[in-house]
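Report on the structure given below.
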């Protein structure tokens, strides 16, 4: 019994092995290896399927080697390119190395032949996204925005022209009427009467309503005048044009880039900083937007950085500056320091600049009503970037309560607590020590 | 009556002028009327704003022609005096970029070397040693820096799955865990001059910040890195040079 059992087990084992090996021989081994997974794990750091990066694109790389008559050597190249180059049997290897001599390819001696082939199979099966996107995409968004702008401008001109026409008609009709009266000999005593004297007699005749009307008119003019004066230098909604269309929502929203990556001097300096073009190139060296409507905008970055995106891409060293228009510009007699507010005060960017992760147009000075809608913001009433706005926030913002996290304010808290307890208690009446109570309303804090 | 009329005429004239002026500044690139332009516009060249003023006169042709510039090459940041470590870090980075980095990473104007300085950087030590005293602060600062500077590509957990990669912008950000053979000096070199598709980050982070980041990313390779037990002894003996020591 025992023996037969063992034999049976042995037999089934043999059968299983036979079936298994049959399947293995039936399918090409390269299909069993996960080409896509291997590509992402081993190659994707330097190679992309359809774009040259640190290394050349791998789409139809095998074909290019075959064209050079060395189709069988590509596997050897992948596994150990230094060895292949040293052996001197491949001209293609030398060519590729010369073309990309900035970066030496890592040897992948742990890859099996069929694994290399599976990677190449997987890459060749990938459709080209640039070619697909190029079909049927025009400059749709740009066209739309231009037409609306034109319409607005056209409206304005239409009104001016219409009003001129109307005024001319009214005046000429009046003139004709007068001419007719004179020629008919109707008004013998008043025929020399000018418009002004005619108006004067009319005004005297109806002096009470006329006087009231004039009063109302003068008052309303004064009110409008003062309202106009109050709008001077209020820059809410100021949205200057920029040299490059930059969608903040795509960068900070979809791609989750921190504000401080591009505006990196915000923690160290008075100015938050517009990123230099080398910061743009940290990502855009790879992202050319080829075949997409915004490819033209990225080309402007390449021109500024001196990047030649042809194969293989290289920096030419011929750079030219991008001149951005400053949006949040304070008058010269005001001192504002970003690092003081962001690092010491711990204020979030969105308190003053709004939610940039949703901003899909050019940067503008967000009106205070928009800023108040954002969760976590201190609610203010005065227009953005005016002195009233700053003062209001300095009165409302609670600074750290000596919890040891903030060197500068902790020291002030300590001194207050130790030296003047009654004043400290007075400050704490509303449950917070505001910036203004620590000297944030002193003129010389910002004006010096 | 006559006087009020004259006053009214003046007011009307003023309002009309204001409106006319208001319509003149409807240029979208102008921020509007100012009360006293000489108090609003700096004669000196301010950050990103140059009004083109020379001795009280404005020259439109000199108006802002440059913006967003990197610091001049070989300029030295000033971190303050006192700590000899920081003073040392003010000096330029001793390792030079390879000559090929000019074309591959756009590092024109740097000092170059014909040698493979990346390979030489293997022996560079992290000057900031982790101790049970400073490790918490170091990692807090590291996290802050990492979130701002690295996370969008390398991912919150250092697995190469940052939002840039997840949104499909590009592929191929390696995971730190796969690169545990790198030395501290090489990580520093890669951040400073860039490597492969990654650009040079020397204009974004100071050398002190890079060394802090080097400590921080080591965590992704070894979760016990920089952790201490109750007695202040390091939890894990890290094989790299920035090994943790106990301080009293």
How big is the gap, in Å, between the Cα center of segment B:160-210 and the Cα center of segment A:50-83?
26 Å
Over segment A:307-349, volume per residue of the alpha carbon convex hull, in Å³:
173 Å³
Within a 10 angstrom radius of the beta carbon, how do A:270, A:205 rank from fewest other beta carbons to most?
A:205, A:270
Simple spin-label estimate for residue A:340 and residue A:180 in nanometres, 7 Å along Cα-Cβ
7.3 nm
R0 of 30 Å, Cβ-Cβ distance residue B:38-residue A:221: FRET efficiency to nearest 0.05:
0.55
Semi-axes in Å, largest first, for segment B:84-221 (Cα gyration tensor, √(5λ)) are 22, 21, 13
Ranked highest first by the average count of other Cβ atoms within 10 Å around their residues, in what order do B:68-80, B:134-146 fall?
B:134-146, B:68-80
Computed label-point distance, nm, for sites residue B:231 and residue B:88 using a 7 Å Cα→Cβ extension:
3.0 nm
For A:116, A:254, what ranking results if the residue with the fewest other Cβ atoms within 10 Å of its Cβ goes first?
A:254, A:116
Please order A:246, A:226 by the number of other Cβ within 10 Å, starting at the fewest.
A:226, A:246
Estimated distance in nm for a label pair at residue A:242 and residue B:62, the labels positioned 7 Å out from Cα along Cα-to-Cβ:
2.9 nm
Pairs of Cα atoms farther than 14 Å apart, segment A:251-315, %:
63 percent
Checked segment A:208-284 against the a/c 1.5 cut and the a/b vs b/c comparison, axes a ≥ b ≥ c from its Cα gyration tensor; verdict prolate
Based on the Cβ-Cβ distance from residue A:204 to residue A:173, what FRET efficiency comes out when R0 is 35 Å, to the nearest 0.05?
0.90
For chain B, what size does the Cα cloud have along each of its three principal axes, sorted from largest down, in whole Å?
97, 47, 47
For an R0 of 25 angstrom, estimate the FRET efficiency from the Cβ-Cβ distance between residue A:441 and residue A:356 and round to the nearest 0.05.
0.30
Classified through the alpha carbon gyration tensor (a ≥ b ≥ c as square roots of its eigenvalues; rounded if a/c is under 1.5, else prolate when a/b is larger than b/c, else oblate), segment B:174-230 comes out oblate
What shape does segment A:33-126 have by the C-alpha gyration tensor, where a ≥ b ≥ c are the square roots of the eigenvalues, rounded means a/c under 1.5, and otherwise prolate means a/b greater than b/c and oblate the rest?
rounded
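A short reminder: the numbers here are calculations on the coordinates, not readings from a lab. Predicted, not measured: the structure shown is a model, and the values here were computed from it. FYI the Cβ positions are ideal-geometry reconstructions off the backbone, even for glycines, and counts take in every protein chain you see.
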